[in-house]
Structure formats: structure tokens, C-alpha cells
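The values are calculated or read from the model by the stated rules, or taken from the named source; none is laboratory data. For clarity, every value in this text was computed on a predicted model and none was experimentally measured. Here the Cβ positions follow ideal geometry from the backbone for every residue, glycine too, while neighbour counts run over all protein chains shown.
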Amino acid sequence: MNIPFVDLKSQYQSIKQSIDDAISCVVNETAFIGGKYVKEFEQKFAELYGVKHVISCANGTDSLYITMKMLGIGKGDEVITVANSWISSSETISQTGATPVFVDIHPEYYSIDENLLKGAITNNTKALILVHLQGQMANIEAIQVICKERNIHLIEDCAQSHFSEYKGIRAGLRGIAGSFSFYPGKNLGAYGDAGAIITNDDKLAEMCRMYANHGALTKHKHEIEGINSRLDGLQAAILTAKLPYILQWTEQRINNAQLYARHLAGINQIVVPTIRPDSKHTFHLYVIRAKERDRLQHFLKEKGIETAIHYPTALPNLQAYRYLGKTPNNFPIATQYQSEILSLPMYPELTEDSIIYIANTIKEFYTVG
Ligand SMILES: Cc1ncc(COP(=O)(O)O)c(C=O)c1O
């Protein structure tokens, strides 16, 4: 059996006609930048989320950067984020001129450990980039209280948590803004780079829209200097074509996670994901912790099963952050887990037969490997 880590082809095949039609409309109308397809996606995504503003942009890195810039974050400020994430969650902090401050991960849920948050706050702390990693929301209620008390902007990084919920409220709706990536492999993925900011704050929305489009809301009326970070028409039309299926695909991921939990039960050498009470984990990734992780990954590869590691080096342990003067001992959980975590194949179209094969192969490794 050959099981890829993600399978974007099957999804395309399942909705080929809608995608091909969407692409051909944009090309026929040469609606490449801005225009009706971008507007339509923003409107539909806003309706689906029940949010006032969706500001599309070029990718989920820019959406973080633009939000922070328009909140006035810059030199001399500190912004807190989590020790395990994709580097966008921290490099965008540095891009504004501010300093990233890392906090270790929660041992059970893998997102920021809310118990350590207060200890990282100083008088210079302006914002928190709260990453809802793997498809599961961080402990947002406790974190919201702390941010409010200390007057810290709460920005939710929802790149991995489309349609995830905590107590029935979706990721991206509790902070000042939610930042989304529609990178092809994300739960809602474009056919290239794409991103968006969601917010109920009118002023922030206007500023972000302006900044992402060279500082202008109307052509040639540049009120500030900005950047060029626009969603293109093709990506917008493709995303709109996928929207009718996204909730069903999300349920299929959840169902696959349940199948994994059932078939992996009883393997003592691994730890399967824990779902936070009252939370809807949408399984962008299905991450286990495994004894002898590297040997297991190699064994699975030989048996045709592709896996990945998110992420092999915790952010503060990267060369890029040596200048902060921290050591791996400052982040004991993220450091320990970087050599234990393993992301198994996960996508809506994954079959139970594949999941059984993966589970049996893991069992085989620990019996004979
Ligand atoms: C947690 C997180 N934040 C931000 C990003 C950045 O998104 P993009 O790749 O669209 O720039 C990603 C995507 O890889 C991500 O996983």
C-alpha cells in the first residue's frame, strides 16, 4: 500500500468540474487581481464565519504581519508566541521590529501553556500570537482573561484551525483578529498561496485592507505606505468553489481521527492526541508521540506510509533565534517533544483500510522492529 501524507489529487478529482469551471471563469474574464471573485470569497467566508470583515491577502504569513503592523506593533515592543509552531508565527513579529518572546507548550495539548503565560509578560508586551496548532484551539478562555487584564492584543493564528471551536465559538472570533492561511495543504487550501484576516473591528479592518494594497483603499490615493499582499482571482475562485464542501471535509477529518484512536488503542509506545473538553479539534494534523520516533518514521516509509514532523526543531531552538540568548532548557516540553512527535497521514479522503494498515504497521514496528 502507498499512503501519501496529504492527497490533494483525490480532492481535486472529487470536485473537478467546479474547480475547472471556477478557473475558466476567472481566465475568460481576466479577473486576475482584485475584482468580483475576490469579493465573492471574502463575502462567503465572512457569512460562514459570522464575522463582519474578511480581508484577503497573499498568504497566512502576511495576514499575521499586516495585523500586527496595523495594531501599531514595532520597535521596542514584545510579542509573545508559542515555542512550537511554523516560523511564520514568530518571524512576522521580528519583521515588525518587535521582539518575539517564546512560551513553552502545554504537555497534553501542544499549544501554548497558559500557566506559563503570565511569567512571560513585561511592560513591553503588546500582543500575543495565539497559535491554535494542529486543528485544536489553545485554552482561549483563560488566555483571553489574561490578555484583557494586561491590555495585550490577542491575535489568533488559525492557519491550522479552520472551523475549530471552543465552547461552540470558532477559532479567530475571540481575539482582535484571526489570521488564516489557505496554503494548498491546509484544511481549506487554495492552489497556490493565499491568506486572510478576519475581524469585527471596523477600524482595524480598514487599516489592514489599505496596508495590504499599497496603503490605498482607492487607486492612487495612498494614505500610508503599505505592501503588495493581495489574494488573486484564481485562488479566490478556487477557494469559493471549495466552500460548499469544507464542513463535510472537516467532519471526515474528525471521523478519521476517531478511527485512528480506535485502531491505535493499546499501543503503549505511542500517545495519541488528547481532545480538550468542550473543544472541536478539526485535525489539520494527526500528531502522535512515539518512542523511537525516527526509526518508526523510517519503518513506515519503507512500508509505503508517508509521515511528517511538525516541527523537528522547536522555534526558540532554531539558529534564527540564538540571538535571544535562550537555551533548550528554557523550553523543556517543546524540546522533549521535538524528537517524539510524528504526524500521520490525515485528509478527508483517507480510508479506514489505510488507517488500519497504518495502525498495524505501527504495531508491527513495536513487535518486531
Ligand atoms: C501556524 C501557522 N501560522 C502561519 C502559517 C503561514 O501561512 P502561509 O504558509 O500561508 O504563509 C502557517 C502555514 O504554514 C502555519 O502553519
**Yes/no for L173 being assigned by TED's automatic domain parsing to the domain that holds L234, out of contact with any Gly (no Cβ under 7 Å at 6 or more places or on another chain) and aliphatic (A, V, I, L, M)** = yes
**Asked** Is it the case that some residue within the stretch 50-64 is of a type outside the set (D, E, K, R) and out of contact with any helix residue (DSSP H, G or I) (no Cβ under 9 Å at 6 or more places or on another chain)?
**Response** yes
**Request:** Taking the residues in the stretch 159-193 that are under 25 Å from F32 (Cβ atoms), assigned to a loop (DSSP other than H, G, I, E, B) and among the aromatic types (F, W, Y) as candidates, determine which candidate is nearest to the ligand (Cβ to nearest atom).
**Result:** Y183
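Just one of H298, H284, H214, H222 is out of contact with any Pro (no Cβ under 9 Å at 6 or more places or on another chain), buried (at least 18 other Cβ atoms within 10 Å of the Cβ) and modelled with pLDDT of 95 or more; which is it?
Working: H298 fails: buried (at least 18 other Cβ atoms within 10 Å of the Cβ); H214 fails: buried (at least 18 other Cβ atoms within 10 Å of the Cβ); H222 fails: buried (at least 18 other Cβ atoms within 10 Å of the Cβ).
Within the list H298, H284, H214, H222, the selection yields H284.
Residue by residue, here is whether (1) more than 16 Å from the ligand (Cβ to nearest atom); (2) buried (at least 19 other Cβ atoms within 10 Å of the Cβ); (3) farther than 27 Å from L188 by Cα; (4) outside the structural domain of C57 (by TED's automatic domain parsing) holds:
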position: T218; (1), (2), (3), (4): yes, no, yes, no
position: D232; (1), (2), (3), (4): no, yes, no, no
position: E251; (1), (2), (3), (4): yes, no, no, yes
position: A314; (1), (2), (3), (4): no, yes, no, yes
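I'd like the full set of residues that are without any contact (Cβ under 8 Å) to a residue 24 or more places away in the chain and polar (S, T, N, Q), limited to the stretch 318-334. Give the derivation first.
As a first pass, look at the stretch 318-334 and keep what is without any contact (Cβ under 8 Å) to a residue 24 or more places away in the chain: 319, 322-323, 325, 327-329.
Answer for the stretch 318-334, where residues must be without any contact (Cβ under 8 Å) to a residue 24 or more places away in the chain and polar (S, T, N, Q): Q319, T327, N329.
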**Prompt:** Do we have Y321 as surrounded by 17 or more Cβ atoms within 10 Å (Cβ to Cβ) and either more than 25 Å from F163 (Cβ to Cβ) or of a type in the set (K, R) (or both) here?
**Reply:** yes
**Item:** Whichever residue in the stretch 120-145 is buried (at least 16 other Cβ atoms within 10 Å of the Cβ), β-branched (V, I, T) and not in a loop (DSSP other than H, G, I, E, B) and, among such residues, is nearest to the ligand (Cβ to nearest atom)
**Value:** V131
**Message:** So, E206, is that one without any contact (Cβ under 8 Å) to a residue 60 or more places away in the chain, surrounded by fewer than 24 Cβ atoms within 10 Å (Cβ to Cβ) and either away from the ligand (no atom under 12 Å from the Cβ) or of a type outside the set (V, I, T) (or both) or not?
**Reply:** yes
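Each row is one residue, and each column tells you yes or no for (1) in a loop (DSSP other than H, G, I, E, B); (2) within 19 Å of the chain's Cα centre (by Cα).
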site	(1), (2)
K219	yes, no
I224	yes, no
L243	no, yes
L259	no, no
Q297	no, no
K326	yes, no
**helices (runs of 4 or more DSSP H) contained in the stretch 1-106 and holding at least 2 residues within 14 Å of the ligand (Cβ to nearest atom)** = 62-70, 88-95
**Request:** For H153, indicate whether it is within 12 Å of the ligand (Cβ to nearest atom), at negative phi and not β-branched (V, I, T).
**Result:** no
